[in-house]
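The values are calculated or read from the model by the stated rules, or taken from the named source; none is laboratory data. Model, not experiment: these values are computed from the prediction. We place every Cβ from the backbone using ideal geometry, glycine too, and count neighbours over all the protein chains shown.
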């Protein structure tokens, strides 16, 4: 069923409000902010990977505080236990019953700060939560609230005392973004606006939980023509034959690209996907899912470079009917 034009137009309008609000904190990075919102509407999880001080945590907090939803921040450390994330069942002596005490993962937006500093056991506790939207504790399945999004940060430079995210967990993130350094003008604006303290503390919510749920429903109705479905599959297939890769894009990656392209189209007010939506989302949705050969890594090849080559090699559908 195709999304009504008026509902998609409403999505685009609300996205502008949300991006403007976040932009008060994240200066000079409109594309990064918009992509983070696209990830939310596609019901995906976001990995922010960059050097310290570029605004990764601020972006995650600004997104959370711009919405009237619950959010929790978890500082990942080597001694963090899985139960510190998902929760624990304890015995209540007053009621003589076992009670479940939910952990910080039970929130609509979960900020997992420096996720690669936690042990693999704790990292794996997030796998079920991120994929299924549920947490199993002592054999009982507990559902997450909706919407639900994990925003994780990691520093790719300082690797001492860190645990590299396994490929299975990387594959659970819909997008991987880098914030990057701001321009000189944007950095000067940061100095002006934050000299009295962090502006993220002053943000007010602009969208309610019900509004976000309605936007997500509208995104799911955005039309994808069969030709574009074949285009996405062709892109994934192209990576699987590259000699520089041990593993190309999985079917989960193809599905992730489809979801992101739908959300990207909706944020631009279109009830149907165009090839440009797929092209815009492919680098940030697919690059982190590639596993390079050791020789390719030594030669300085990157996942983004190989996705760019796939986009150039696969013919774009000329006529797409919505």
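Does any residue of segment 243-251 turn out to be assigned by TED's automatic domain parsing to the domain that holds residue 34 and part of a strand (DSSP E or B)? Even if it seems obvious, please write down each step before you answer.
Here is the first cut: in segment 243-251, the ones assigned by TED's automatic domain parsing to the domain that holds residue 34 are none.
No, segment 243-251 contains no residue that is assigned by TED's automatic domain parsing to the domain that holds residue 34 and part of a strand (DSSP E or B).
On the basis of being touching a residue at least 60 places away in the same chain (Cβ under 8 Å) and either farther than 30 Å from residue 78 by Cα or crowded, with 18+ Cβ neighbours inside 10 Å (or both), does residue 228 make the cut? Steps first, please.
Values: touching a residue at least 60 places away in the same chain (Cβ under 8 Å): yes; either farther than 30 Å from residue 78 by Cα or crowded, with 18+ Cβ neighbours inside 10 Å (or both): yes.
Considered against the rule, which asks whether it is touching a residue at least 60 places away in the same chain (Cβ under 8 Å) and either farther than 30 Å from residue 78 by Cα or crowded, with 18+ Cβ neighbours inside 10 Å (or both), residue 228 comes out as yes.
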Worksheet item: Going through segment 119-137 one residue at a time, which ones are over 13 Å from residue 103 (Cβ atoms) and more than 19 Å from the chain's Cα centre (by Cα)?
Response: 119, 120, 121
Discussion item. Between 296, 310, 287, 236, which is assigned to a helix (DSSP H, G or I), within 19 Å of residue 172 (Cα to Cα) and over 17 Å from the mean Cα position of the chain (by Cα)?
Written reply: 236
Item to complete: Considering each of 124, 119 in turn, give the residue that is at pLDDT below 90 and loosely packed, with under 15 Cβ neighbours inside 10 Å.
Response: 124
Worksheet item: Restricting segment 27-52 to residues that are within 15 Å of residue 66 (Cβ to Cβ) and free of Cβ contacts under 8 Å to residues at least 40 places away in the same chain, which is surrounded by the most Cβ atoms within 10 Å (Cβ to Cβ)?
Response: 33
Item to complete: Of the conditions (1) under 18 Å from the mean Cα position of the chain (by Cα); (2) at pLDDT 85 or above; (3) not in a loop (DSSP other than H, G, I, E, B), residue 57 clears all except one; give me its number.
Response: (2)
Worksheet item: Restricting attention to segment 181-194, does a residue exist that is under 30 Å from residue 87 (Cα atoms), at pLDDT below 90 and part of a loop (DSSP other than H, G, I, E, B)?
Response: no
Discussion item. So, residue 147, is that one without any contact (Cβ under 8 Å) to a residue 40 or more places away in the chain and either touching a strand residue (DSSP E or B) at 6+ places or on another chain (Cβ under 7 Å) or surrounded by 15 or more Cβ atoms within 10 Å (Cβ to Cβ) (or both) or not?
Written reply: no
Worksheet entry | Those residues of segment 99-124 which are part of a strand (DSSP E or B) and over 22 Å from residue 145 (Cα atoms), in sequence order | none
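When you look at residue 262, is it assigned to a strand (DSSP E or B) and in the same structural domain as residue 306 (by TED's automatic domain parsing), yes or no? Spell out the reasoning first.
Working: assigned to a strand (DSSP E or B): no; in the same structural domain as residue 306 (by TED's automatic domain parsing): yes.
No; evaluated as a whole, the condition is false for this residue.
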Worksheet item: Does any residue of segment 161-170 turn out to be surrounded by 21 or more Cβ atoms within 10 Å (Cβ to Cβ), assigned by TED's automatic domain parsing to the domain that holds residue 289 and in contact (Cβ under 8 Å) with a residue 12 or more places away in the chain?
Response: no
